[in-house]
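One structure is given below, encoded as structure tokens.
The values are calculated or read from the model by the stated rules, or taken from the named source; none is laboratory data. These numbers come from a predicted model, not from an experiment. Cβ: placed from backbone, ideal geometry, glycine included. Neighbour counts: every protein chain shown. SASA here: full protein model, heavy atoms, side chains in, ligands and nucleic acids out. Shrake-Rupley method; radii C 1.70, N 1.55, O 1.52, S 1.80 Å.
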Amino acid sequence: MDIEKFRQNAHELVDWMADYLRDLEEYPVRAQVSPGEILKQLASNPPSRSDSFEEIFDDFQKIVLPGMTHWQHPSFFAYFPANSSPPSVLAEMVTATIGAQCMSWETSPAAAELEQRMMEWLREIIGLPSEFQGVIQDSASSATLCAILSAREVATDWRVNRAGLSGEPDMVVYGSTECHSSVEKNVKIAGLGKKNFRKIQVTDTFAIDTRALVDAIERDKAEGRLPICMVAALGSTSSSAIDPLLDIADICKRYRLWLHVDAAWAGSALVDPELRWMIDGIEGVDSFVFNPHKWLFTNFDCSAYFVRSPDALLKTLSILPEYLKSEGGEAVRNYRDWGVPLGRRFRALKLWFVLRSYGIEQLRKMIRTHIDYAQELALEIGAERDFELLAPTPLALVCFRYRPTKVASPVELDSVNERIVKEINDSGAAYLTHTKLNGAYAIRISIGQAGTKQHHVKNLWSRVKQTARGIRLVV
Ligand SMILES: *Cc1c(COP(=O)(O)O)cnc(C)c1O
């Protein structure tokens, strides 16, 4: 593809992109395909001669697009959002075009320095104290791994880095039963062993029971283990529970635990100062992660990891072989030392585009709107006799179920609710997912797409009621 052909294809592609975003609502939200349906349409072997861009793009539309779930659809209410925005998409085009590998300062000084400034902006936008220094990671999972590794090294004075785990006491990491699965995965990756991960019980709001946390730490200490890290959930994935940070920070200080905050989704809501009660206790936090790629209109991937002491992180991860020695010395930031992968995409650019395009006021308004829709929806659900909320709604996630008086057993209740979700998802009109809360099947409605308006939420709620009440109950 020569440059003039590229120019022509790119112009056409941009038209397609704009049409796609304009016409998103015409697509079924969740892909309506069965397993293997796309695979069987793809050529078994790579082409020996070139295909034209027209042919490739034609196949993309015919084969690939029907197998896509449309995450930017305004009726996407599943999981948590991975929202984006036009300025973010434009920045991704630039990033892809320049194609820089931004592992160290020298490999693109502007990328390193823009990242540093963007992390300062984000820190201010969400109200973190100014000591925190940030780095963009690919995901919250990776950031939490960095936190657990740092905790391990701080607790052993970097002995594990030097000599491995043998001879060390069992090191214990704590989180609630509702904390994200990445915590347990990372405990395993860090070599600490799943048996040394404590899932602490939660209270009736699904936030961690801090008395049980203290008991578990005491027990571990009494039995010769070394408590090293607590991962607090600020907005748990299942029900958006918010662990009480102030109490947890106190406990972590008392027992000298590394305190990591996983605010992957909810962190973006801190753009609203009225919600900063969630980070009461931030002074006692060692590290904090949130994903602008979830709820801050920035394309996946962009996870913001903040640490109180970059020294601990760098001492844990940095390594300098001859072939990576580069310009800048101590005066510059080589972000390759701030995370697991060496290679890094230029991800700060999209943040710059997004933050400048909207400004704090507009970002706050967009997120506040999502929260308002969710609060209203929760009120409506709570007002219906045959529906019940199953968890508090502090932000923009609503967990509930249909509960008709006719249905008797918990098993039947679960299966009726499962059918509601399946019918709506199969219709393509909206996309929702579920969770289990206290063992019961709960429908989750997560509001956070850039294009979601009030009528999308209202339509969804009508559809849920209609679907639920239309299900023929066999009793
Ligand atoms: C989504 C989520 C994660 C995982 O985020 P990735 O960036 O996909 O790794 C971790 N914790 C919480 C609370 C989440 O909601």
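Looking at Gly359, is it open to solvent by less than 60 Å² (accessible area, probe 1.4 Å), at positive phi and out of contact with any helix residue (DSSP H, G or I) (no Cβ under 9 Å at 6 or more places or on another chain)?
Taking the combined requirement at face value, the residue satisfies it.
Taking Ala312 and the conditions (1) open to solvent by 20 Å² or more (accessible area, probe 1.4 Å); (2) of a type outside the set (S, T, N, Q); (3) more than 16 Å from the ligand (Cβ to nearest atom), which numbered condition does it fall short on, given that it satisfies the others?
(1)
Filter the range 134-149 down to residues that are small (Gly, Ala, Ser) and over 13 Å from Met230 (Cα atoms) and give me whichever is farthest from the ligand (Cβ to nearest atom).
My answer is Gly134.
Could you check the range 289-308 and list, in sequence order, the residues that are touching an Asp or Glu at 6+ places or on another chain (Cβ under 8 Å) and of a type in the set (S, T, N, Q)?
Asn299, Ser303
For residues in the range 270-297 being within 12 Å of the ligand (Cβ to nearest atom) and either over 13 Å from Ile136 (Cα atoms) or of a type in the set (Ser, Thr, Tyr) (or both), which is least open to solvent (accessible area, probe 1.4 Å)?
The selected residue is Trp295.
Conditions: (1) farther than 13 Å from Ser303 by Cβ; (2) within 16 Å of the ligand (Cβ to nearest atom); (3) aliphatic (A, V, I, L, M). Ile125 meets all but one. Number of the miss?
Only one criterion in (1) farther than 13 Å from Ser303 by Cβ; (2) within 16 Å of the ligand (Cβ to nearest atom); (3) aliphatic (A, V, I, L, M) is unmet by Ile125, namely (2).
Name the one entry in Glu184, Glu178 that is under 14 Å from Asp262 (Cβ atoms), open to solvent by 10 Å² or more (accessible area, probe 1.4 Å), without any contact (Cβ under 8 Å) to a residue 24 or more places away in the chain and within 16 Å of the ligand (Cβ to nearest atom).
Glu184 is the lone residue from the list that is under 14 Å from Asp262 (Cβ atoms), open to solvent by 10 Å² or more (accessible area, probe 1.4 Å), without any contact (Cβ under 8 Å) to a residue 24 or more places away in the chain and within 16 Å of the ligand (Cβ to nearest atom).
Which of the residues belonging to the range 289-328 are among the aromatic types (Phe, Trp, Tyr) and under 18 Å from Ile367 (Cβ atoms)?
The answer is Phe290, Trp295, Phe297, Phe300.
Please state which of the following conditions Ser166 fails to meet, knowing it meets all the rest: (1) under 27 Å from Gly439 (Cα atoms); (2) open to solvent by 50 Å² or more (accessible area, probe 1.4 Å); (3) polar (S, T, N, Q).
(1)
Run down Val160, Val173 and say which single residue is farther than 17 Å from Ser287 by Cβ, open to solvent by less than 30 Å² (accessible area, probe 1.4 Å) and touching a helix residue (DSSP H, G or I) at 6+ places or on another chain (Cβ under 8 Å).
Val160
So, Leu317, is that one open to solvent by less than 30 Å² (accessible area, probe 1.4 Å) and farther than 16 Å from Val271 by Cα or not?
In short, no.
Against the condition at pLDDT 95 or above, in contact with a Phe, Trp or Tyr (Cβ under 7 Å, 6 or more places away or on another chain), open to solvent by 30 Å² or more (accessible area, probe 1.4 Å) and among the hydrophobic types (A, V, I, L, M, F, W, C), how does Leu379 come out, does it pass?
no
Tell me which residues, restricted to the range 312-339, are under 31 Å from the mean Cα position of the chain (by Cα), without any contact (Cβ under 8 Å) to a residue 40 or more places away in the chain and part of a helix (DSSP H, G or I).
Passing the criteria: Leu314, Asp337.
For the subset of the range 458-475 comprising residues that are among the aliphatic types (A, V, I, L, M) and not in a helix (DSSP H, G or I), which member is least open to solvent (accessible area, probe 1.4 Å)?
Result: Ile471.
Can you tell me how many residues within the range 71-115 are part of a helix (DSSP H, G or I), within 21 Å of the chain's Cα centre (by Cα) and of a type in the set (S, T, N, Q)?
Qualifying residue count, the range 71-115: 1.
Within the bounds of the range 401-413, is there any residue that is of a type in the set (Asp, Glu) and either at pLDDT 95 or above or open to solvent by less than 10 Å² (accessible area, probe 1.4 Å) (or both)?
Checked the range 401-413: no residue is of a type in the set (Asp, Glu) and either at pLDDT 95 or above or open to solvent by less than 10 Å² (accessible area, probe 1.4 Å) (or both).
Could you pull out the residue among Ile248, Ile242 that is within 16 Å of the ligand (Cβ to nearest atom), open to solvent by less than 10 Å² (accessible area, probe 1.4 Å) and touching a residue at least 40 places away in the same chain (Cβ under 8 Å)?
Ile248 is the lone residue from the list that is within 16 Å of the ligand (Cβ to nearest atom), open to solvent by less than 10 Å² (accessible area, probe 1.4 Å) and touching a residue at least 40 places away in the same chain (Cβ under 8 Å).
Among the residues that make up the range 53-61, is at least one of them of a type in the set (Val, Ile, Thr), open to solvent by less than 70 Å² (accessible area, probe 1.4 Å) and either in contact (Cβ under 8 Å) with a residue 24 or more places away in the chain or out of contact with any Pro (no Cβ under 7 Å at 6 or more places or on another chain) (or both)?
no
Looking at the range 397-411, can you tell me whether even one residue there is of a type in the set (D, E, K, R) and in contact with a helix residue (DSSP H, G or I) (Cβ under 8 Å, 6 or more places away or on another chain)?
yes
Run Arg344 past the list (1) without any contact (Cβ under 8 Å) to a residue 24 or more places away in the chain; (2) surrounded by 19 or more Cβ atoms within 10 Å (Cβ to Cβ); (3) among the basic types (Lys, Arg) and report the number of the one that doesn't hold.
Unmet for Arg344, out of (1) without any contact (Cβ under 8 Å) to a residue 24 or more places away in the chain; (2) surrounded by 19 or more Cβ atoms within 10 Å (Cβ to Cβ); (3) among the basic types (Lys, Arg): (1).
Let me confirm something: among Pro35, Pro28, Pro46, Pro66, which residue is over 29 Å from Gln449 (Cα atoms) and open to solvent by 50 Å² or more (accessible area, probe 1.4 Å)?
Pro46
Taking the condition at positive phi and modelled with pLDDT of 95 or more, does Phe306 pass?
The answer is no for Phe306.
Mind counting the residues in the range 251-269 that are out of contact with any strand residue (DSSP E or B) (no Cβ under 7 Å at 6 or more places or on another chain) and more than 10 Å from the ligand (Cβ to nearest atom)?
Residues that pass the stated criteria total 5.
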